[in-house]
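Written out below as structure tokens is the structure these notes cover.
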Amino acid sequence: MESTMKSFKTTFVLAIFAIFSFAACDGLFEVSNPSFITDDEIDEGLADAVGNTPEALFGEGLVRAILMSDLIGDGLMFVGSVTEYQRLDQGYHDIRAGGRTFTVDETYNALGQAQWMGDDSVERLQDLSENPAQDLRIARSHIFGGLSTVVLADNYEQVTFDGGPAVSDMEAYDVAAGHFNDALQIAQNAGDTELTAVSYAALARVWHAKYAESGNETFLATAADYATDALQADENVTLEVRFSISGTQNNIPNFANRGQIDVGPSYDYIRRESPYTNEPDPRVPVGEFGGVLATGDSLYFQEKFPDRSDNIPVIRFQEMNLINAEHQLVSGSVADAVEYMNINRRVAGLGDYETTDGDEALEWLIYERATEFWLEGRRFQDMRRFDLFPTARWAGGAIEEGTDRKIPIPITEQNTNPNL
């Protein structure tokens, strides 16, 4: 990613001042005298802009990751004319299986930029801040930089940092955990309960990801401990990518909505019904497009994010409950696992599950994760770990290359990174 990063760095100052100007015009910070701005006022406004940039870049990378992972997984299906999306829907996510896929490359590069900006923002803010140990902008930079690394490691076999050598997904998760621990310390120093809860939840997510990739139950126990800490700090713990902070947009409606339906909800999610209770599940909102496919099947579009200004959740209390549910299930406490799932279901207005059978509870846990995280870029990882890929869906080389594994480092990174 070195050449990509060099290009990105050369435009960093211009980008920051573009955001700085946007913030000034929008009243996000004020000066005492518009005709004479002091150095302190410039530094404060610049610090706010720098602090927002990792979130904005992460949002751009996340949207690409959602499109990629839900097409490779089962959340979305190809219904339009873009060959690139058709290839992903067929499982061609490996450069060794049919050539380059642009979305795979662009997702990696966008998240790599967000990752780099998280690190750079922390360094710059430490110079600009009067009290770095309690500066929540630094904590948020750690969180969004760390989340960029998590999403990369969730989807790719290896990860690079700023044009450096490749590291394993597990090593990348450890780097992200370091960011979240730093964010936690700052949030606690500042006495900020909300960001403390978010930091605990981010640690729960990264340790659960390590468990998902390794099967090490100690990692799951650690994830559950952090999830409990997060819920105790804030029972409604939530972190969303805010697409209004610097003029960025949630582009999911661009490719999966009424106006332009290149991809749509897969038939596994259309008119989704909850197992056991057979209730329509409101967590997967879709609308009928009005057209038909060549097969005669109706077209549908997603309504989870109807507007390009809609925020995307990246940390939610529902995830903390599902991490705790999985830990209880693995530990043999079926009743406790079911209760954690039922907490989420009551929030969604659904009836309770009732079972003492561990296999049945596991099926419900898989359903709950798929439903809660639909169009949030999480399904690809779960499909791999639960061995849910229907191999008959993909053709030729995609089957031979193995769609049930992570994506290799993309060709653009291999061509530009001298350390690969």
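The values are calculated or read from the model by the stated rules, or taken from the named source; none is laboratory data. This one's a predicted model, so the numbers in the text were calculated from it and none came from an experiment. Quick reminder, even Gly has a Cβ in these numbers, built from the backbone with ideal geometry, and neighbours come from all protein chains shown.
Looking for something of a type outside the set (A, V, I, L, M, F, W, C), within 30 Å of Ile138 (Cα to Cα) and modelled with pLDDT of 85 or more - is there at least one such residue anywhere in the stretch 61-68?
Yes, the stretch 61-68 has at least one match.
For the stretch 262-360, list the strands (runs of 3 or more DSSP E) that sit wholly inside it and hold at least 1 residues that are at pLDDT below 95; which are they?
263-265, 286-292, 298-302
Which of the residues belonging to the stretch 284-318 are closer than 17 Å to Pro253 by Cα and basic (Lys, Arg)?
Lys304, Arg308
Inspect the stretch 216-229 for any residue being in contact (Cβ under 8 Å) with a residue 24 or more places away in the chain, closer than 25 Å to Arg137 by Cβ and of a type outside the set (A, V, I, L, M) and give the result as yes or no.
yes
Taking Ala166 as the residue in question, decide whether it is among the aliphatic types (A, V, I, L, M) and either within 23 Å of Ala227 (Cα to Cα) or free of Cβ contacts under 8 Å to residues at least 12 places away in the same chain (or both).
No, not satisfied.
So how many residues does the stretch 363-420 have that are of a type in the set (A, V, I, L, M) and modelled with pLDDT of 85 or more?
Looking only at that region, the number is 8.
Have a look at Asn189, Asn251 and point out the one that is in contact with a helix residue (DSSP H, G or I) (Cβ under 6 Å, 6 or more places away or on another chain) and either modelled with pLDDT under 95 or hydroxyl-bearing (Ser, Thr, Tyr) (or both).
Asn251
Working carefully through the options Glu130, Glu106, find the one that is in a helix (DSSP H, G or I) and either more than 14 Å from Glu55 (Cβ to Cβ) or modelled with pLDDT under 95 (or both).
Glu106
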